[in-house]
Structure formats: C-alpha cells, structure tokens
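Chemist: Here it is, the structure in full.
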Amino acid sequence: MFPPVVAVLYLPVAAWIVAGVGLMYAFRKSAPPVVLRLAATFLALWALLATTTLIWVLANGGFAAIEALMRSPWLLFDPKYLRWWAFGAVGALLVFTVAFLVNQLVGRGFLHVLRPRPLPWPESLPSPRERASLLAYTSSRPEAFSFTLVELAPARGFRPHRHEVVLLSTALLDLLSIPERDAAIAHELGHIRDLDSRYLTFVRTFSRMMRWDPLLAYLARSLTRREEIRADDEAVRMTRRPLALARALYKVVTHESSVARGGAAGFLGATGASGRRAALDRIQRLVALAESGNFPEPSSA
C-alpha cells in the first residue's frame, strides 16, 4: 500500500490524464471557454511535471539521472523527493508568470509603438460586455487582431479588470468594404467572446517558451485552427453575412503584402503557406454556409 505522501504526488499525474481526456472530448463537443480552460489546466499540470522532472534530473546527476528515470519512471514519486516537487511547483508558477507578463508587455508594446487612433464601434455589431477599444493603426499590411490587457483602475478601487483591444490596420480598412470590415471586426469580437484573447494567446506564448515540447506546439496549432473557425461562426451569427467575411478573408490572403511577407498572422490565424491554406478552407466553409440559404445577404453587400 502506498504511503499517503506518495498518493499525493500521483495526484498531478492523475489530474493531468483526466484533463487531457476531457480536453480531447471537449475539443469536439464543448464550447470554446470549456476547451480553453481545460487546455490551461492541462498546461499548468504539464508545466509542473516537466519542471519537476527537469529539476530532479539536474539535481541527481544529469544523464545518469535520465537513465535511472528511464529504467524506473516512478522513481520521481519516492517520498524522499518531495522537495523537488515543491521546487517544480515554484518553477511552473514562474514559467506561467513570465508567459503572462510577456503577453501583457507585448500588448502594451503594440499600443505604445503603433500609437493607434480610436474608431467608432459599428452600429451593426453588439458591444462587448467587458471594456473594449476598437483602434486603427498605420500599416501597409491588411491585418486585424485582438488581445486582453489586465488593468488596475483607481475608479474601481485598483481591482484587476479586463480591457479588450481590437486593432485594425489602415491597409485593412482601405481594402475592405463596410460590410466586410464589420465582418472582420465581428470575427475579432468572436475571439473575445470565446476567451481566445485571454487563453489562446497565452497558450501560444507558453508553447513558444517551451519550443522543445512538440505536444505544446501541436496543442497550440490545433486550438488556433479550431478557434479561427469558431470566431468565423460567431461573426456569421452576429452579421448574418458569411460572404462578407469570405470576401474579407479572400482580399487579405491574396493581398500582395500577405503573399510576399508570409501572411497576416492575426486575421488568418497563422503565417505563410499554412495560414493561406487554412484561410482558403475557411472561405470555402463560409461560401457553403451562404449557399445553404440560411444567411441571405442584401444585394447591396
């Protein structure tokens, strides 16, 4: 019979397996917030296991420790190594904290460097429940993306609150018609509603920080593809104009700057050839929605 301390050490592994199974099921069956929260839980437990293993290996002889762990994978769960789990928890917390700070710094850096100007929120679209800013910045590349900032406002007693930001480039505004522009904004609003600007951006940052881990890279790519389609569905639900979004995507993916420089990562979801292929698949899907007859568009669109 295992000592209680050993049973406690097995809990992160059991929870990680449960979170992974739940993630695979929810990936097809559940709403985006459920999937992304499960993904965050899965990553948190994975970070704990990975950092604990790394610290244990470094503290117990490097390659010799790796060989010992390969011969006996459960060696890490010996009660005498409990302190390494504590160090691993601190390390995982540090990695997550750094990923969060990087996200916040990148977002604030965008606003500082790009110096965007505010745009009026389209009357055809619902305003987000959270505080949100719709901004335009000067760029020759047609691009749109969204992110979440955590702010401390004196008016709210310095309690943390979310500030959602949607950025559109001047090239995108010049390229698209008004219905197409509104569809692009609705797509970004779909990301906000599905918590992508909070969780998915974090998952991407975390996977980049741990480039050596193919599991995290696969998870980030899969979630990105899935959530781009989800955001398209949200945009269609809000605008009732699938062809407007299809035209917007087509104009962006065929724009000379997107082809020459690797694609518009935010609006297309990925850069390069993979981003263009995914965008073309999304366009075909949107055209099919339009041809279903459920979303008739006015002839002026």
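Chemist: Give the order of Ser124, Ser207, Ser146 when sorted by the count of other beta carbons within 10 angstrom, beginning with the fewest. List each step's numbers first, then the result.
Modeler: Details: Ser124 15, Ser207 22, Ser146 25.
Ascending Cβ contact count within 10 Å gives the list Ser124, Ser207, Ser146.
Chemist: Multiplying the sequence separation of Arg83 and Ser222 by 0.36 nm and subtracting their Cα-Cα distance, what value in nm do you get?
Modeler: 46.5 nm
Chemist: Between Ala273 and Thr254, what is 0.36 nm times their sequence separation minus the Cα-Cα distance? Round to one decimal in nm.
Modeler: Taking Ala273 through Thr254 to full extension adds about 5.7 nm, to one decimal.
Chemist: Taking R0 as 35 Å, what FRET efficiency do you get between Ser140 and Ile229 from their Cβ-Cβ distance, rounded to the nearest 0.05?
Modeler: Once rounded, the FRET efficiency stands at 0.80.
Chemist: Please report His255, His112, His187 as a ranked list, fewest other C-beta atoms within 10 angstrom at the top and most at the bottom.
Modeler: Working: His255 20, His112 9, His187 27.
Listed from fewest to most nearby Cβ atoms, that is His112, His255, His187.
Chemist: If you rank Trp74, Trp46 by fewest surrounding Cβ atoms within 10 Å, what's the result? Intermediate values should be presented prior to the final figure.
Modeler: On the way: Trp74 11, Trp46 21.
Exposure proxy ranking, most exposed first: Trp74, Trp46.
Chemist: Determine the gain in length on full extension of the stretch Ile17-Arg240; use 0.36 nm per residue of separation and subtract their C-alpha separation, reporting nm with one decimal.
Modeler: Taking 0.36 nm per residue and subtracting the Cα distance, the gain is 76.3 nm.
Read-outs: derived from the displayed coordinates by stated rules, not from any lab. The structure presented is a predicted model; accordingly, all values stated were derived computationally and were not measured. Every residue, glycine among them, receives a Cβ derived from its backbone with ideal geometry; neighbour counts consider all protein chains shown.
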